[in-house]
Structures are given as structure tokens and as C-alpha cells.
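A short worksheet on the structure shown next.
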Amino acid sequence: MDANARTAGESYIIGQLAGWQVKRVNRFIDENLTEPILLKDMSAVAQRSTAYFCRAFKRTFGRSPHAYLIDRRVKLAGDLMLKSDATLSEIAQAAGFADQSHFCRHFRQVTGETPAAWRRERMGSPSAG
């Protein structure tokens with residue numbers, strides 16, 4: 001979880017998501033990360049309007065819901081690349097991206113490297129594991 005996000009036991013700050021909302025939204029994302037996740041569904045989980053949810057999410061996590069989802073999917077894809085021999089196309093699908101091109105574009109934006117180069121660098125090093 002992001003350092004700015006609170007846990008269920010912490011106090012509520014006006015304009016941010018409450019701890020229970022953070023917990024429920026994160027659980028919803030974890031359970032649906034490989035599927036399309038709509039903003040209206042995330043806001044429903046938090047029991048807030050879509051507009052309020054977007055503002056509160058950004059104040060809570062420091063980034064938009066879309067950017068947060070992309071970061072989570074890139075992390076999942078990185079884990080999959082290190083733990084399997086699956087093709088990038090298969091990994092893109094398994095991590096919830098629309099296709100390999102969508103995955104590669106976002107992966108490079110987040111990490112600064114292409115998925116293939118990132119994978120080669122980590123799989124080729126003796127300390128990878």
C-alpha cells in the first residue's frame with residue numbers, strides 16, 4: 001500500500017478516503033486486477049460518487065485511480081516475468097492489460113525500460129531470484 005494511504009485504524013482526514021474505504025478499495029483491486037476495473041465500480045465499493053471518489057483517491061494515494069491501477073499491473077507483470085517463461089503477450093493478458101502494446105507502453109512509462117530489456121537484465125544477473 002502507498003505510504004500516503006491510511007489503514008483502517010487511522011483517523012479520517014477531510015477530503016481523503018477513510019481507512020475502511022482504503023481497505024475495501026485495495027481488496028477490490030487485488031481481487032479484480034486482471035480484469036477491467038471501472039471507476040464507477042471502485043467508487044461504489046467506497047460508497048462515494050465517482051467525482052468525489054476520484055478527488056479523495058488522489059489525495060489519499062497521491063495519484064489518480066488509473067495511474068494506481070497501471071502501477072499495480074506493472075508490478076504484477078514484473079513478478080510474472082520473473083517467475084515464468086510466459087510470453088510478453090501472455091503476461092500482458094494475465095496482468096490485466098488490453099494487449100501487449102498497451103502493456104509495453106505503460107511498462108516503459110513506469111520503469112523506463114521495455115519489458116523485454118527489463119526481463120533480460122534481471123533474469124541474466126546471478127543475484128536475480
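Brief remarks follow.
- When residues of segment 24-37 are limited to those that are of a type in the set (A, V, I, L, M, F, W, C) and in a loop (DSSP other than H, G, I, E, B), the one nearest to LYS75 (Cα to Cα): LEU33
- Filtered by the rule that a residue be loosely packed, with under 13 Cβ neighbours inside 10 Å and among the acidic types (Asp, Glu), segment 42-87 gives ASP79, ASP85.
- Checklist (1) at positive phi; (2) surrounded by 13 or more Cβ atoms within 10 Å (Cβ to Cβ) applied to GLY112, failing item: (2)
- Hits in segment 89-109 (condition: surrounded by 19 or more Cβ atoms within 10 Å (Cβ to Cβ) and at negative phi): ILE91, ALA92, ALA95, PHE97, PHE103, HIS106, PHE107
Okay, residues lined up against (1) among the acidic types (Asp, Glu); (2) in contact with a helix residue (DSSP H, G or I) (Cβ under 6 Å, 6 or more places away or on another chain):
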| residue | (1), (2) |
| --- | --- |
| ARG55 | no, no |
| ARG73 | no, no |
| LEU76 | no, no |
| MET81 | no, yes |
| ASP85 | yes, no |
| GLY96 | no, yes |
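- Within the set THR87, THR60, the sole residue that is farther than 23 Å from THR111 by Cβ and hydroxyl-bearing (Ser, Thr, Tyr) turns out to be THR60.
- Pairs linking a residue in segment 3-22 that is in the same structural domain as SER43 (by TED's automatic domain parsing) and aromatic (Phe, Trp, Tyr) to a residue that is modelled with pLDDT under 75 and surrounded by 11 or more Cβ atoms within 10 Å (Cβ to Cβ), with Cβ atoms under 7 Å and 6 or more positions apart or on different chains, are TRP20/ALA8.
The values are calculated or read from the model by the stated rules, or taken from the named source; none is laboratory data. Every value quoted in this text rests on a predicted model; they were computed, and no experiment measured them. No Cβ is skipped: glycine too gets one built from the backbone with ideal geometry, and neighbour counts run over all protein chains shown.
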